[in-house]
1. How many residues are modelled with pLDDT of 90 or more, surrounded by 12 or more Cβ atoms within 10 Å (Cβ to Cβ) and farther than 15 Å from residue 31 by Cα when one looks only at region 69-92?
2. When region 1-30 is examined, which residues are found to be surrounded by fewer than 14 Cβ atoms within 10 Å (Cβ to Cβ) and part of a loop (DSSP other than H, G, I, E, B)?
3. Can you pull out the residues in region 35-68 that are touching a residue at least 40 places away in the same chain (Cβ under 8 Å), over 14 Å from the mean Cα position of the chain (by Cα) and surrounded by fewer than 20 Cβ atoms within 10 Å (Cβ to Cβ)?
4. Considering region 24-45 alone, what residues qualify as being over 20 Å from residue 86 (Cα atoms) and either modelled with pLDDT under 85 or touching a strand residue (DSSP E or B) at 6+ places or on another chain (Cβ under 8 Å) (or both)?
5. The conditions are (1) part of a helix (DSSP H, G or I); (2) in contact with a helix residue (DSSP H, G or I) (Cβ under 7 Å, 6 or more places away or on another chain), and residue 54 fails exactly one of them. Which is it?
6. Of everything in region 57-97, what is part of a helix (DSSP H, G or I) and either on the phi > 0 side of the Ramachandran plot or out of contact with any strand residue (DSSP E or B) (no Cβ under 7 Å at 6 or more places or on another chain) (or both)? Give them in sequence order.
7. Just checking, which of 119, 126 is under 23 Å from residue 8 (Cβ atoms) and at pLDDT 90 or above?
8. I'm trying to understand the selection: among the residues of region 114-152, which are assigned to a loop (DSSP other than H, G, I, E, B) and within 22 Å of the chain's Cα centre (by Cα)?
């Protein structure tokens with residue numbers, strides 16, 4: 001495989017780290033169609049309201065918007081379809097046991113391509129932050145920005 005074909009993609013869900021505390025993190029493969037991976041390589045992905053859920057003992061990501069491929073024909077994909085996540089049976093069992101706890105959810109954190117060119121989704125078992133936690137995060141970010149500028 002030539003180096004020109006594999007374009008490095010690294011798209012982060014910055015909103016997730018602001019809204020949630022990450023308890024545990026996993027890396028999962030994605031079951032995609034041809035036009036979806038081409039659109040991902042163009043960087044046309046939106047994580048805005050994406051979350052993961054279990055349907056029929058399989059893990060799916062919902063509301064992950066992958067824009068239709070510009071060069072696609074009538075075989076183009078549905079941008080908002082549910083996409084199956086490929087994780088091991090041990091990870092699946094661990095996630096289902098942890099989801100029984102109140103207030104935990106699974107959120108996508110980062111979408112990237114591996115060295116072999118496969119799309120991978122970094123997911124996290126997360127607990128929602130309260131309003132005062134979010135204010136603390138904003139405060140820490142502002143202090144860090146000021147120190148990086150040399151203000152202090």
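The values are calculated or read from the model by the stated rules, or taken from the named source; none is laboratory data. All figures in this text were calculated on a predicted structure; none of them were measured in a lab. Here the Cβ is made from the backbone with ideal geometry for all residues, glycine too, and neighbour counts use every protein chain on show.
1. Residues flagged as modelled with pLDDT of 90 or more, surrounded by 12 or more Cβ atoms within 10 Å (Cβ to Cβ) and farther than 15 Å from residue 31 by Cα within region 69-92 amount to 2.
2. Residues satisfying the conditions are 1, 2, 3, 4, 5, 7, 8.
3. Filtering region 35-68 down to residues touching a residue at least 40 places away in the same chain (Cβ under 8 Å) leaves 35-37, 40-41, 45, 47, 50-54, 59, 61, 64.
Then drop every residue that is not over 14 Å from the mean Cα position of the chain (by Cα), which leaves 35-37, 41, 54.
Once the filter is applied, which keeps residues that are touching a residue at least 40 places away in the same chain (Cβ under 8 Å), over 14 Å from the mean Cα position of the chain (by Cα) and surrounded by fewer than 20 Cβ atoms within 10 Å (Cβ to Cβ), region 35-68 yields 35, 37, 41, 54.
4. Initially, region 24-45 is screened for residues over 20 Å from residue 86 (Cα atoms), giving 42-44.
Result: 43, 44.
5. It fails just one condition, (1).
6. Just the residues of region 57-97 that are part of a helix (DSSP H, G or I), to begin with: 89-97.
Within region 57-97, 89, 90, 93, 94, 97 meet the criteria.
7. On the way: 126 fails: under 23 Å from residue 8 (Cβ atoms).
The conditions single out 119.
8. Restricting attention to region 114-152, the residues satisfying the condition of being assigned to a loop (DSSP other than H, G, I, E, B) are 114-118, 129-130, 150-152.
Matches in region 114-152: 114, 115, 116, 117, 118, 129, 130.
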